[in-house]
Amino acid sequence: MPTDRSEPTLFRLFGAPVSFHWSVLLIVLLALLFSRDPATVMSGIAAYLSLIVAHEAGHAWVARHNRLRVHALRIFPLHGVCNYETARTPGQQIAVAWGGVGAQMLLFALAIALSLLSPHLPEPLRSPLGAVVLVWGPMNLLNAILNLLPIAPLDGRTAWGVLPWLLQRLRRERADHKRPATSVKPAPSTNASAKN
């Protein structure tokens, strides 16, 4: 799926172009224009955009792991979109839906590690790192919770399909175990046992 010409492709992930909508640049420029601390603002913006990229890359990684072609990752100011080949099974679709939040949780773990490192850094680095920790930590967690609400177009609409899907698989496996095994009866033994 081609990207819009107003969305320049900056790099590729999992073979797919990653493009940024023009409004992302506009938001960055406005934030810098009204900023008193450009380093902290840029750190926060970079952390937020990397959070969106990580979320979409999580979808893409799981899609590729399930042998689904990833067409494009599109990044907007408040969200992203991962365009990929239609899943062949409900399990694939559910797994791809969870991939985004899974990637976010990796950044959350990194935010915890960075917060432990922060007190040991010199003062000029603390504020920009604090912005990254804020975005990848609490804001990330809130974003993941909201994204898992079971309403379209959020990922939770598909992701929570994992519960009925697992229940159906368990029922199927249980039914398979209860079914008598079809086996061939062994021929009567010709060996006689010895009597004492």
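Look through the range 29-45, keep the residues that are open to solvent by 60 Å² or more (accessible area, probe 1.4 Å) and more than 31 Å from the chain's Cα centre (by Cα), and return whichever of them is nearest to residue 134 (Cα to Cα).
Filtering first and then ranking leaves 37.
What residue, of 180, 150, 188, is open to solvent by 70 Å² or more (accessible area, probe 1.4 Å), of a type outside the set (A, V, I, L, M, F, W, C) and modelled with pLDDT of 90 or more?
Testing whether each residue is open to solvent by 70 Å² or more (accessible area, probe 1.4 Å), of a type outside the set (A, V, I, L, M, F, W, C) and modelled with pLDDT of 90 or more leaves just 150.
Can residue 22 be described as at pLDDT 95 or above and open to solvent by 40 Å² or more (accessible area, probe 1.4 Å)?
Answer is no for this residue.
Return yes or no: is residue 103 closer than 23 Å to residue 47 by Cα, surrounded by 14 or more Cβ atoms within 10 Å (Cβ to Cβ), among the small types (Gly, Ala, Ser) and touching a Phe, Trp or Tyr at 6+ places or on another chain (Cβ under 7 Å)?
No.
Name every residue in the range 6-19 that is of a type in the set (S, T, N, Q) and open to solvent by 30 Å² or more (accessible area, probe 1.4 Å), in order of residue number.
Scanning the range 6-19 gives 6, 9.
Test each condition in (1) modelled with pLDDT of 95 or more; (2) open to solvent by 50 Å² or more (accessible area, probe 1.4 Å) for residue 173 and report the one that comes out false.
Here residue 173 meets the rest and fails (1).
Looking at (1) surrounded by 16 or more Cβ atoms within 10 Å (Cβ to Cβ); (2) in a loop (DSSP other than H, G, I, E, B), can you tell me which one residue 67 breaks?
With (1) surrounded by 16 or more Cβ atoms within 10 Å (Cβ to Cβ); (2) in a loop (DSSP other than H, G, I, E, B) applied to residue 67, the lone miss is (1).
If you check residue 134 against the conditions, is it closer than 18 Å to residue 55 by Cβ, at pLDDT below 95, out of contact with any Pro (no Cβ under 7 Å at 6 or more places or on another chain) and buried (at least 16 other Cβ atoms within 10 Å of the Cβ)?
Spelling it out, residue 134 is indeed closer than 18 Å to residue 55 by Cβ, at pLDDT below 95, out of contact with any Pro (no Cβ under 7 Å at 6 or more places or on another chain) and buried (at least 16 other Cβ atoms within 10 Å of the Cβ).
Check 69, 88, 64 and return the single one that is within 15 Å of the chain's Cα centre (by Cα) and not small (Gly, Ala, Ser).
Result: 64 is the single residue among 69, 88, 64 that is within 15 Å of the chain's Cα centre (by Cα) and not small (Gly, Ala, Ser).
So which residues in the range 153-165 are open to solvent by less than 40 Å² (accessible area, probe 1.4 Å) and over 15 Å from residue 55 (Cα atoms)?
Once the filter is applied, which keeps residues that are open to solvent by less than 40 Å² (accessible area, probe 1.4 Å) and over 15 Å from residue 55 (Cα atoms), the range 153-165 yields 161, 162.
Assuming residue 61 fulfils every condition listed in (1) of a type in the set (Phe, Trp, Tyr); (2) in contact with a helix residue (DSSP H, G or I) (Cβ under 9 Å, 6 or more places away or on another chain); (3) under 30 Å from residue 127 (Cα atoms) apart from one, which condition is it?
(3)
Could you check, for the range 73-83, whether at least one of its residues is of a type outside the set (A, V, I, L, M, F, W, C), outside any loop (DSSP other than H, G, I, E, B) and open to solvent by less than 50 Å² (accessible area, probe 1.4 Å)?
yes
For residue 55, state whether it is within 30 Å of residue 127 (Cβ to Cβ), under 10 Å from the mean Cα position of the chain (by Cα) and open to solvent by less than 40 Å² (accessible area, probe 1.4 Å).
In short, yes.
Just to be sure I understand the filter: pairs with C-beta atoms under 9 Å, separated by 6 or more residues or on different chains, first member in the range 144-160 and part of a loop (DSSP other than H, G, I, E, B), second member of a type in the set (Lys, Arg). Which pairs pass?
149/157; 150/157; 151/157
The values are calculated or read from the model by the stated rules, or taken from the named source; none is laboratory data. In this text the structure is predicted, and so the values were computed from the model without any measurement. Positions of Cβ are backbone-derived with ideal geometry, glycine not excepted, and every protein chain shown enters the neighbour counts. Side chains included, ligands, DNA and RNA excluded: accessible areas come from the protein's heavy atoms. Shrake-Rupley method; radii C 1.70, N 1.55, O 1.52, S 1.80 Å.
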